[in-house]
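Any read-out appearing in this document is the output of simple, stated calculations on the displayed coordinates, not a laboratory observation. No experiment lies behind these values; they were computed from the predicted model shown. Cβ placement follows ideal geometry from the backbone for every residue including glycine, while neighbour counts extend to all protein chains displayed.
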Amino acid sequence: MMNLKNKVIFFQIKDVKTKLIKLVQTAMHHFEKKEKLLIQVSDEASLSYVDELLWKVPIEGFLQIGRAHV
């Protein structure tokens, strides 16, 4: 039986560098646990930025991602 519980987590971050680090760390955490993760962005430019970021970091590999348009 599947566990269909969803969890929403908000982070209060004051600067861009910390935001990017937390985004990558969170994505890697869920990827390593084989968990799904939804990152919601406000526009196409943000989507492209996050998409590129997760393909480039970590340097020794990439995080497999998919895009969902709602």
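Residues with beta-carbon under 11 Å from that of Q12, excluding Q12: net charge, scoring Lys, Arg +1 and Asp, Glu -1? Overall, the nearby charge balance is +3.
The stretch between N6 and D43 holds 11.0 nm of extra length on full extension. This uses 0.36 nm per residue minus the Cα-Cα distance.
Derived scalar couplings between HN and Hα for region 8-13 equal 10, 10, 10, 10, 9, 10 Hz in order, rounded to whole Hz, by the Karplus curve 6.51 cos²θ - 1.76 cosθ + 1.60 (θ = phi - 60°), x for Gly and Pro.
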